[in-house]
Each structure stands twice: as structure tokens, then as C-alpha cells.
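Taking it in order: structure first as C-alpha cells, then the write-up.
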């Protein structure tokens, strides 16, 4: 049995100069198999929309943006890593050609892999609750301040 090494994930963005359009434009990520590296697009709207939504929820917490972004990225990284590792397990199967495997690592396929966001959102909510306090605590404080 072959044991695969988990790929590294590097976030790239136009903002910090690590990505230049049109590279990864409106795509989640790309995988570089020779380097065992996933380049995740920090500008991808699915990622940025989730960060913004959670930042609004935690607007009452000073400095929450960095924590929110780190947690959101961590959970999307996990999804991308699991996708790449899962596909690596298919590589030597008779039914999967090199071209088939390459297609599953395409920018479009990796984008599709992160589109199911429900479970990621729940995981982000739990992680942020542990790090920044639950939103229920915020609501309870708001009610007690009104009373």
C-alpha cells in the first residue's frame, strides 16, 4: 500500500502580489503535482464571501477579521487536501488514466470540490465560537443590556 504525502497549501492573492490575473481568475485553486502543492486563490468569491459573512457576524469582536479568515481558509484547505489525496488513491487503478487523474486536479474540478459549503460553514461556526465566543453569547448580552 502506498502512503501519500499530504500536499502543502499556499494562498495566493492579487492583493499581496502572489497572484497575477488572469491566473486562477474565479477559480478556487490549482494543484501542482510535481511540487505536491495546492495554490488556493485567496480572491475566490466563495472564500471571500464566507469570510465577509462571518466578519459581519463577529463585528462586535475587535480584530476578528484575521481569525475569521484563518479559520475559513483552514476548513477550505482541508477540503482541497482531501480532494487531492482522494484522487491520488485512484492513480494506479486500471479504470483511471493519467488524463482522468489530471482532469480531477483541474482548476474547475477543485473549484467544484469546494462548492459544497454547508459542512464547512458549520465547522467554521464551531471553530469561531471556540475562538471568539458563540453568537448565542452575543445575543444573550444584547438581551441583558436591553432589560
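Relative contact order of the stretch 8-139, please, whole-number percent, based on alpha carbon pairs below 8 angstrom and at least 6 residues apart. Working shown, then result.
On the way: 133 pairs, mean separation 34.1, N = 132.
Reported as a whole number, the value is 26 percent.
Roughly how tilted is helix 64-88, in degrees to the nearest 10 and between 0 and 90, from the longest Cα axis of the chain?
Helix 64-88 sits roughly 20 degrees off the main axis of the chain.
Could you order peptides 19-32, 55-68, 89-102 by the average number of other Cβ atoms within 10 Å of their residues, highest first?
Per-residue Cβ counts within 10 Å, averaged per peptide and sorted highest first, yield 19-32, 55-68, 89-102.
Among (1) 2, 10, 19, 25, 21, 14, 7, 2, 1, 0; (2) 2, 9, 17, 18, 16, 13, 9, 6, 4, 3, 1, 1, 0, 0; (3) 2, 9, 18, 21, 21, 15, 10, 5, 1, 0, find the value of P(r) over Cα pairs in 5 Å bins from 0, in percent that was calculated from the structure presented, and write down its label.
(2)
Do the sum for the chain: with -39,500 (n - 2.57) for every DSSP H run of n ≥ 4, divided by all residues, what is the mean residue ellipticity at 222 nm, to the nearest 500 deg cm²/dmol?
Calculated at 222 nm, the ellipticity per residue is -17000 deg cm²/dmol.
Laboratory data are not the source of any read-out in this text; all were calculated from the coordinates shown. Since the model is a prediction, treat every value here as computed from it, not as a measurement. FYI the Cβ positions are ideal-geometry reconstructions off the backbone, even for glycines, and counts take in every protein chain you see.
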